[in-house]
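The values are calculated or read from the model by the stated rules, or taken from the named source; none is laboratory data. It should be emphasised that the depicted structure is a prediction, and the values quoted were computed from it without experimental measurement. Glycine gets a Cβ as well: all are built from the backbone with ideal geometry, and neighbour counts include every protein chain shown.
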Amino acid sequence: MLASGFSRGGSPWRFVVKGNSLSFAAKFEYLTGRPPYSWQTRLFHQCITDRPSRNLSLPTGAGKTSIIPTWLCAVWHQLENRLPLTVPRRLYFSIDRRVVVDQSEAITREIERRINDNQDLCGLLKSQVAFDSALIVSVLRGQRITEQESIIKNPSGFAIVLCTPDMVFSRLLWHAYAASPRVASREAGLVGQDAYIVLDEAIFLMRPAEY
């Protein structure tokens, strides 16, 4: 299911973004090292027009994890063109197997590194948040529950949360695993507002309030 690697000819493929707005294909290739598939291009256009598909029927190997950079490209597009930010600030990518959560983290960390290596893109994201962080990457599962603290402290930040379904939906239902009932409203707010939830294998992409 997962895409493999972020390199061409054994070395990272990189360029510096300057000047005019880049196309989606150029943005996506910068973040991932590969050109997008046609379904990723369609999803990008759906996201920037605030009409994301709720059901993506894709075979294994179609690059479903790349919903993550597609979402980032949509955020990037709206910010660099000074458009109203209709794309949610948080993406919860939920997978029902912990080992796949960990595999997805390796891919997402590489995307995070590429963002931090690009001063223009990094500055663009930082200009829209309250704290000095271009992108927050968090893993919400088991013993790594404390990684959610960075999002709690900075709800204005752009964030990717890799998690299992029980972790994300328990929060949406005000019964967050490994969290006190006193903070149930806070946890539900982070998931239920200004966020997309992606369910891998089922693959639903939605605003929780519309479900």
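Structure above, values below:
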read-out	value
Odd one out for Glu201 among (1) more than 20 Å from Thr65 (Cβ to Cβ); (2) of a type in the set (Asp, Glu); (3) at pLDDT below 80	(1)
Residues located in the range 172-190, provided they are more than 18 Å from Phe93 (Cβ to Cβ) and either modelled with pLDDT of 80 or more or in a helix (DSSP H, G or I) (or both)	Leu173, Trp174, His175, Pro181, Arg182, Val183, Ala184, Ser185, Arg186, Ala188, Gly189
Among the candidates Leu91, Leu79, Leu22, residue that is within 14 Å of the chain's Cα centre (by Cα) and either farther than 25 Å from Ala188 by Cβ or of a type outside the set (Lys, Arg) (or both)	Leu91
Selected residue [at pLDDT 90 or above, in contact with a helix residue (DSSP H, G or I) (Cβ under 7 Å, 6 or more places away or on another chain) and part of a helix (DSSP H, G or I)] from Trp76, Trp39	Trp76
Enumeration of residues in the range 169-178 that are under 22 Å from Asp102 (Cα atoms), surrounded by fewer than 23 Cβ atoms within 10 Å (Cβ to Cβ) and not aromatic (Phe, Trp, Tyr)	Ser170, Ala178
Filter result (among the acidic types (Asp, Glu) and assigned to a helix (DSSP H, G or I)) within the range 91-133	Asp102, Glu105, Glu110, Glu112, Asp117, Asp120
Filtered residue count, the range 20-55, keeping only those that are surrounded by fewer than 18 Cβ atoms within 10 Å (Cβ to Cβ) and touching a residue at least 40 places away in the same chain (Cβ under 8 Å)	4
Test: residue in the range 151-170 that is part of a helix (DSSP H, G or I), at pLDDT below 85 and over 16 Å from the mean Cα position of the chain (by Cα)	yes
Selection status of Phe131, of a type outside the set (Lys, Arg) and in contact with a Gly (Cβ under 7 Å, 6 or more places away or on another chain)	yes
